[in-house]
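Single-structure report; data block below.
The values are calculated or read from the model by the stated rules, or taken from the named source; none is laboratory data. Since this is a predicted model, take the numbers as computed values, not measurements. So basically every Cβ, Gly included, is an ideal-geometry build from the backbone, and we count neighbours across all protein chains shown. Side chains included, ligands, DNA and RNA excluded: accessible areas come from the protein's heavy atoms. Shrake-Rupley method; radii C 1.70, N 1.55, O 1.52, S 1.80 Å.
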Amino acid sequence: MEETNYKSRRIQTISKLKDGIAILPAAKYKTRSHDTEFDFRQNSNFKYLTGSNEPESILVLTPHGKKKDHLFVRAKDRMQEIWAGRRLGVEKSKEIFEMDEVYTLDEFDKILPELMKGHSEVFIDLDQNLKLFNKVRKMAMGLDPRGRLKMPTPMAFRHLNPIIEKQRLIKDQNELLLMKSAAKATAKAHRAAMAMASTEHSEADIHNLMNYVFKKNGASGEAYGSIVAGGENGTILHYIENNAPLRDGETLLIDAGSEFGTYASDVTRTFPINGKFTTIQSEIYEVVLRAMKASFSKCSPGHTLEEVHMESVKELSLGLRELGIFKQSVDEIIEKNLFREFYPHGTSHWIGLDVHDQNPYLDKDFNPIKFEKGMCFTVEPGLYFQRDNLEIPEHFRGLAVRIEDDILITDSFYENLTAMIPKEIKEVEAACQEDYKQFL
């Protein structure tokens, strides 16, 4: 595997800035409680352009400067490093990240005004880090208050993120290798969960097992807060408690994926806790699986996430009619959005550095982005029958099924990155009979 060329990514970003300087901060440690902190996770855009995991750094890109990319990093500090870990410092950062220039963070306030000269705009994240934005704005406004400089100075501020997020839409080979590694770790964790599920265990037991298997197989941990939902807990789309006992005759809906090298996987499987689907559970499951396969038919270059979604909507609406939930025609069910009571979410989202990857969904003409080779997204149809819905037969109430895979668009079709995780009924039931200890 060749090393990712972060320099070329920065050059591509610079080419989009025209007369603007770009300022992109790394993530900082976040307080968990008093003097303890959450595990550090780098800002995705910063990581994409630098490859650096150093906190508090700031990247500055200057299209009109003699030197184009500048990095501000924490200074070497022996005592701080004894307490909180090693710092790369200026020299190593310049060498490792191939920056034109690297400075300490202490120099930021002095050097940034000079870098801004010759640029008429500032590109920066306008949604987050208001403290940095206000500092930069004050610097820009103070550069030429009387209009005497014979060069442009920033008079406008633009949101930087969309430029980088559009670049992130198409994954390179290194990114795909990391996503496939995440998928492999996720596959083992889901298989372990199927094997462990029983009335002798709880949602928490399954959750803990999956986290262990993620890390045992090279992942850094969860790509997002896992959903481990037994029975009617599965009807809560973002259920996070993960602490209820598992009950005989119910299903377990697990939405969980690992993160590998800062890249995410995102997979959902639904399976019987006792290892055998009931007739009703099987009927609902087959409808959802059918919807997933219908959506796969639109996973090829030239199609869109909107088309993928509508294939699931059509198949789920037909299934709801076949189950006796609706008597209306499929067209009417869709036209009146009747299906949304049972399928309230979209079928797909982009995936990559973030589990909901921050990529555009619409092009410059506000039309859905068309698939190209290297784009990655999820397909996740589902049906949810709320316990308090007295309009449906009682045997449906409290049931939930969702199935989700991660898709890569290829030259002419697609590759299912998570196809190795069982989802056909017979395969799922067989996986439930395995010994979870083989995954330890």
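Protection proxy ranking of 139-152, 159-172, by the mean of other Cβ atoms within 10 Å over each peptide's residues and highest first, is 159-172, 139-152. Expressed to the nearest 5 percent, the antiparallel share of DSSP beta bridges inside region 47-119 is 50 percent. Amide H contacts of Gly221: Glu259, each under 5 Å away and 5 or more positions distant or on a separate chain (H built 1.01 Å from N in the peptide plane; Pro and chain starts excluded). How big is Rg to Rh over the chain, alpha-carbon atoms, Rh as the Kirkwood inverse-mean-distance radius? Rounded to two decimals, Rg/Rh equals 1.04.
Counting only DSSP beta bridges with both residues in the chain, the antiparallel share comes to about 75 percent. Amide H contacts of Thr104 (H built 1.01 Å from N, in plane; Pro and chain starts excluded): Val73 sit under 5 Å, all sequence-distant by 5 or more or on other chains. Counting 0.36 nm for each residue step from Glu3 to Arg78 and taking away their Cα separation leaves a gain of 24.0 nm. Pairs exceeding a 26 Å alpha-carbon distance, out of Lys7/Lys92; Lys47/Lys293; Lys68/Lys180: Lys47/Lys293; Lys68/Lys180. Along region 410-427 the Karplus relation, 6.51 cos²θ - 1.76 cosθ + 1.60 evaluated at θ = phi - 60°, assigns HN-Hα couplings of 10, 4, 10, 8, 8, 10, 8, 5, 10, 5, 6, 8, x, 9, 5, 3, 5, 5 Hz to successive residues, with x for each Gly and Pro. Size descriptors for region 6-80, from the alpha-carbon set: Rg then Dmax equal 14.6, 45 Å. Looking at region 383-435, the accessible area is 47 square angstrom per residue; that uses a 1.4 Å probe and ignores ligands, DNA and RNA.
Over the chain, what percent of the accessible surface lies on carbon and sulfur atoms, probe 1.4 Å? Using a 1.4 Å probe with all protein chains present, the chain comes out at 49 percent carbon and sulfur.
For region 349-423, the list of trypsin sites (Lys or Arg not before Pro) that fall in a loop by DSSP and count at most 16 other C-beta atoms within 10 angstrom reads Lys364, Lys373, Arg387, Arg397.
Hey, which aspartates and glutamates would be in cross-link range of Lys276, C-alpha to C-alpha under 17 Å, not counting anything within fewer than 8 residues on its own chain? Filter leaves Glu200, Asp248, Glu250, Glu286, Glu424, Glu427, Glu429, Glu434, Asp435.
Ranking Leu383, Leu440 by solvent-accessible area of protein heavy atoms (1.4 Å probe, all protein chains present), from largest to smallest, gives Leu440, Leu383. In the complete set of protein chains, residue-level accessible area for Tyr212 is approximately 110 Å², probe 1.4 angstrom.
Rolling a 1.4 Å probe over the heavy atoms of the protein chains gives region 109-263 an accessible area of 47 Å² per residue. Return the whole-Å distance between the Cα centroid of region 105-148 and the Cα centroid of region 1-47. Using only Cα atoms to place each centre, the spacing works out to 18 Å. Listed values for region 157-169 are Karplus-derived 3J(HN,Hα) couplings in whole Hz (6.51 cos²θ - 1.76 cosθ + 1.60, θ = phi - 60°), namely 10, 10, 6, 6, 3, x, 5, 6, 5, 5, 4, 6, 4, and x replaces Gly and Pro. Rolling a 1.4 Å probe over the protein chains gives Ile82 an accessible area of about 100 Å². Met310 versus Leu130, label points 7 Å from Cα toward the beta carbon: distance in nm? Using points 7 Å along Cα→Cβ, the separation is 4.1 nm. Evaluating 6.51 cos²θ - 1.76 cosθ + 1.60 at θ = phi - 60° for every residue in region 67-76, the Karplus couplings come out as 9, 9, 10, 10, 10, 9, 10, 5, 5, 4 Hz, glycine and proline recorded as x. The accessible-area ordering, largest first, of the residues Glu427, Glu107 stands as Glu427, Glu107, per a 1.4 angstrom probe.
Residue pairs exceeding 30 angstrom between C-alpha atoms, taken from Lys184/Lys336; Lys370/Lys426; Lys28/Lys216; Lys150/Lys364: Lys184/Lys336; Lys370/Lys426; Lys150/Lys364. Taking 7 Å steps out from each Cα toward its Cβ at Thr36 and Lys437 produces label points 3.3 nm apart.
Once the cut-off is 24 Å, how many percent of the Cα-Cα pairs in region 319-440 end up in the long-distance tail? Everything past 24 Å amounts to 50 percent.
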